[in-house]
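Rule-based calculations on the coordinates, nothing more; no lab input. If you're wondering where the values come from, they're calculated on a predicted model, not measured in any experiment. Glycine gets a Cβ as well: all are built from the backbone with ideal geometry, and neighbour counts include every protein chain shown.
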Amino acid sequence: MITLLKKTFEGKRVFLTGHTGFKGAWLLQILHSLGADVKGYSLASENANDLYSEINGDVFCYSSVIADIRDLSTLQGELVRFEPDFVFHLAAQALVRPSYEFPVDTFAVNAMGTAHVLEAIKTLPKACVGVMITTDKVYENPERGQAFHEEDKLGGYDPYSASKAAAEIIISSYRQSFFNPDKYTQHQKAIASVRAGNVIGGGDRSLDRIVPDIVRALEFGGRVQLRNPSSVRPWQHVLEPLGAYLLLAAKMIEEPRALSTAFNFGPEISDEKTVEELTQIFLSVFNKPDAYQKAEIQNAVHEAKLLILDSTKAKQLLAWQPRLNAEMAIRWTAEWYANKEQYAAEKCRTQIEKYFAA
């Protein structure tokens with residue numbers, strides 16, 4: 001895998017939206033290690049303690065543009081002038097509960113922002129592979145326990161999920177209308193959407209996510225409050241979906257028609273753990289197994305309790321397999337935070353090398 005990725009990305013131009021975010025900062029460092037020239041396009045880092053700031057992300061960028069994907073003119077100009085070989089679209093309003101507070105902004109960023117990226121790619125006068133990142137929450141979820149396939153009905157109870165389902169519909173429309181795989185020789189654009197979720201890993205400082213909540217509780221000597229302890233999630237280390245996105249992009253060069261579609265990337269269906277189980281494993285690394293309590297949240301907003309992906313399609317078409325099970329993903333994440341001897345960029349590099357060498 002690493003040989004293919006280096007061959008694919010070394011010396012290539014990659015346009016990365018959301019490069020200052022948690023997943024974006026990890027992907028930026030991976031792409032830099034592969035020898036790619038990365039132009040980032042994103043809003044500024046939220047605070048001085050986020051991962052992009054911790055790794056000094058600017059040093060991994062060919063250039064870093066601080067701007068909004070809702071600004072079509074600026075986005076289009078920056079992308080077209082750069083003439084990228086690859087586009088990875090990660091920029092998003094990525095949290096469920098804030099989407100209830102700011103639904104219009106959530107739809108504007110996640111749905112129209114995606115349309116803007118695709119429109120910019122449409123005007124690019126060269127071949128390009130585009131990987132559009134959405135989420136596992138794009139499926140209409142009756143919570144019956146079944147794993148979701150790529151052909152299942154899209155939907156969304158909360159504004160975040162609905163905005164990402166809308167983004168998937170937009171991607172499909174652009175793919176059929178402007179980037180039709182049957183007409184690839186004319187437009188030379190290969191566009192895929194990728195669905196993963198509940199990503200954990202070192203350096204996540206976001207509000208309203210379980211791992212950062214645990215880390216903050218540990219730092220301040222408190223007990224983490226679990227609002228949905230019995231909710232089941234397909235926990236996966238951030239390197240799992242990022243490695244999958246890169247592998248997909250590399251193979252899209254070889255098979256642009258067949259792979260211009262949607263893909264799920266999740267852990268094995270049987271490899272599931274509750275929020276409480278994640279918390280227990282994480283805290284065991286710090287020898288504080290009881291540093292949590294189940295919280296009673298008044299007027300809690302709706303959040304799915306069960307969400308599982310079927311990744312058979314990715315396994316069959318890409319020969320992709322998850323490399324870390326849920327417990328390993330949780331331990332790798334906890335060990336990143338527990339490691340006080342290395343700087344953030346060194347910790348990321350160590351885990352990146354370990355993951356791709358597996």
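Would you mind counting up the charge near residue 318? Only other residues with Cβ under 12 Å from its Cβ, with Lys and Arg at +1 and Asp and Glu at -1. Write down the numbers at each step before the final one.
Details: positive: 251, 313, 315; negative: 254, 255.
Within the 12 Å Cβ shell, the charges total +1.
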What does the charge dipole of segment 236-291 about its Cα centre add up to, to the nearest 20 debye, if the Cβ of each Lys and Arg holds +1 and the Cβ of each Asp and Glu holds -1? 240 debye
For segment 45-118, which semi-axes, largest first and in whole Å, follow from the square roots of 5 times the eigenvalues of its Cα gyration tensor? 22, 20, 9
Does segment 5-71 come out rounded, prolate or oblate, given a ≥ b ≥ c as the square roots of the eigenvalues of its C-alpha gyration tensor, rounded meaning a/c under 1.5 and, failing that, prolate meaning a/b above b/c? oblate
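Provide the three semi-axes, in whole Å and in decreasing order, of the ellipsoid equivalent to segment 83-127 as defined by the square roots of 5 times the Cα gyration tensor eigenvalues.
On the way: eigenvalues 148, 21, 4 Å².
Result for segment 83-127: semi-axes of 27, 10, 4 Å.
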Past 23 Å, Cα to Cα: identify those pairs from 126/183; 164/294; 12/122; 39/122; 6/137, in the order given. 164/294; 6/137
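Using Cβ contacts closer than 10 Å as the measure, can you line up 348, 61 from fewest to most? Provide the component values of the computation, followed by the final result.
Details: 348 26, 61 19.
With the fewest neighbours first, 348, 61 line up as 61, 348.
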